[in-house]
Amino acid sequence: MHIVADENIPLLDAFFAPLGRITRLAGRQISHQDLTDADALLVRSVTRVDPQLLAGTPVRFVGTCTIGTDHLDLPGLAAAGVTVASAPGCNARGVVEYVLSCLLTLSERTGQDWRARRVGIVGVGEVGGRLAHTLTALGVECLLCDPPRAALGEAGFAPLDQLLTECDVISCHVPLTRTGADATWHLLDAGRLVALRPGAWLINSSRGPVIDNHALKAVLAQRPDLQVALDVWEQEPQVDCALLQRCALGTPHIAGYSLDGKLRGTEQIYRALCASLGQSAPLSLDSLAPEAGRAQLQFAAGTPAQWLLERSLRQVYDVRDDDARFRAAMLPLAGQSTAQAFDALRKGYPLRRECPEVEVRHSEGEDAAALLAAAGFRR
Ligand SMILES: NC(=O)c1ccc[n+]([C@@H]2O[C@H](COP(=O)([O-])OP(=O)(O)OC[C@H]3O[C@@H](n4cnc5c(N)ncnc54)[C@H](O)[C@@H]3O)[C@@H](O)[C@H]2O)c1
Ligand SMILES: O=C(O)[C@H](O)[C@H](O)COP(=O)(O)O
């Protein structure tokens, strides 16, 4: 079979070469012409896939090695008889570690203890659910908003407007949807942005258009008390540099960019393609995941528990590094296209592993052990 794939999918050869011939292309440039004799198309989030792209081609399988599916015309592809697979949850842990790093950083800058802030989680699926679980285990109070789950009769959810008025931090983890009662396009519009509590922290690592970026820029001009961390941008790869300058933290859509998250995405799509072919899937990350970046941290006796946790989290992922690289690349381009520089930062993203790949050695008591376990570290 002929597989056309985004060149940024890791372990493409290891997983897919046994299934057929692979053509690697830049995700944003995959065109109808590239697919004239392709049987399967493997993408990440930057390739828009709809029936027009596949019309008249033999492609019968589309796999996206990502959580988000807003770049796929799901109803259109289903109607065209194309099997579509995504990778639910693959990089959820990376996003949680990004949010934790934002909390640590904003805490340091404002002098407000992150563990004492009430966090509102908007969208409580793979990412939001894992974030709620982790924060609760770390002793942080969370309020949850998920109208689709509430409509199914599940308890424990509050309306978004209640989160905005009662929470010190709002973190968005919804899919981007444009239609229906719970559409998330501009979910945080001007009216909701002004309702944020004084001194609130707002974090968006879902999709850019979930926040009205134009309104956010205007609100930030009036509300310097707000601390905003954006990983996703309404027009990305174009970035509004004036908005970036008003944000406390800015990154190029890398919240989930741990190596582990990307690898799980590849493995999940490998399994889905094998299933669609009616074949077994003998390969797995158990044998293919690399050792690189796995680490061991050692702390001297007498290290306070929270300090130990924060140092360990910083070692695994520090959003300040990504923010500094992003500003250095974007801000000189104000008024020009940022697309190439945005994509270059993502393509050349440094190696990042997740907490379970890091062993933390210490001789502290149960408090420290419990905090580290809650964050997912090995001991
Ligand atoms: N920045 C990144 O690197 C990155 C990484 C992973 C995922 N994402 C984005 O995060 C999104 C969420 O990921 P996930 O794995 O948790 O998805 P998910 O589908 O598991 O969960 C999404 C949740 O949002 C809820 N929801 C839908 N509409 C809502 C609304 N109007 N208000 C509140 N809740 C609503 C759903 O009911 C669901 O429970 C993805 O769709 C993707 O766009 C971004
Ligand atoms: O939806 C997802 O899984 C994430 O947004 C993912 O990290 C996007 O990465 P990309 O496909 O753009 O490389």
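The values are calculated or read from the model by the stated rules, or taken from the named source; none is laboratory data. Quick caveat, the model's predicted, so the values are computed rather than measured. Every residue, glycine as well, gets a Cβ built from its backbone with ideal geometry; the counts of neighbours run over all protein chains shown. Each accessible area value is taken on the protein alone, full model and side chains, heavy atoms only, with ligands, DNA and RNA left out. Shrake-Rupley method; radii C 1.70, N 1.55, O 1.52, S 1.80 Å.
Points worth noting:
- Looking across segment 157-179, the residues that are in a loop (DSSP other than H, G, I, E, B) and open to solvent by 60 Å² or more (accessible area, probe 1.4 Å) come down to P159, P175, R178, T179.
- Residue list for segment 49-62, filter: without any contact (Cβ under 8 Å) to a residue 24 or more places away in the chain and within 16 Å of ligand 2 (Cβ to nearest atom): V62
- Only one of L249, L230 that is open to solvent by less than 10 Å² (accessible area, probe 1.4 Å) and more than 17 Å from L187 (Cβ to Cβ): L249
Here is a yes/no grid of residues against (1) part of a loop (DSSP other than H, G, I, E, B); (2) outside the structural domain of L263 (by TED's automatic domain parsing); (3) open to solvent by less than 40 Å² (accessible area, probe 1.4 Å):
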site: P282; (1), (2), (3): yes, no, no
site: A301; (1), (2), (3): yes, yes, no
site: Q315; (1), (2), (3): no, yes, no
site: D322; (1), (2), (3): no, yes, yes
site: F326; (1), (2), (3): no, yes, yes
site: Y349; (1), (2), (3): yes, yes, yes
site: A369; (1), (2), (3): no, yes, yes
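Residue by residue, here is whether (1) of a type in the set (G, A, S); (2) over 22 Å from the mean Cα position of the chain (by Cα); (3) more than 22 Å from V46 (Cβ to Cβ); (4) outside any loop (DSSP other than H, G, I, E, B) holds:
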{"position": "P209", "(1), (2), (3), (4)": "no, no, no, yes"}
{"position": "A215", "(1), (2), (3), (4)": "yes, yes, yes, yes"}
{"position": "A221", "(1), (2), (3), (4)": "yes, yes, yes, yes"}
{"position": "P224", "(1), (2), (3), (4)": "no, yes, yes, no"}
{"position": "V228", "(1), (2), (3), (4)": "no, no, yes, yes"}
{"position": "E234", "(1), (2), (3), (4)": "no, no, no, no"}
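- For segment 186-207, filtering for residues that are of a type outside the set (K, R) and either within 16 Å of ligand 2 (Cβ to nearest atom) or not in a loop (DSSP other than H, G, I, E, B) (or both) leaves 11.
- Qualifying residue in segment 115-127 (condition: assigned to a helix (DSSP H, G or I), near ligand 1 (Cβ under 9 Å from one of its atoms) and within 15 Å of the chain's Cα centre (by Cα)): yes
- Considering only residues in segment 1-34 that are small (G, A, S) and more than 16 Å from ligand 2 (Cβ to nearest atom), the one that is surrounded by the most Cβ atoms within 10 Å (Cβ to Cβ) turns out to be A14.
- Candidate set from segment 83-109 (those that are within 16 Å of ligand 2 (Cβ to nearest atom) and not in a helix (DSSP H, G or I)); member that is most open to solvent (accessible area, probe 1.4 Å): P88
- Qualifying position, being touching an Asp or Glu at 6+ places or on another chain (Cβ under 7 Å), in contact (Cβ under 8 Å) with a residue 24 or more places away in the chain and in a helix (DSSP H, G or I), among L244, L308: L308
- On inspection, A80 passes the criterion of being at pLDDT 95 or above, of a type in the set (G, A, S) and open to solvent by 40 Å² or more (accessible area, probe 1.4 Å).
- Q112, sole failed condition from (1) away from ligand 2 (no atom under 16 Å from the Cβ); (2) assigned to a helix (DSSP H, G or I); (3) open to solvent by 40 Å² or more (accessible area, probe 1.4 Å): (2)
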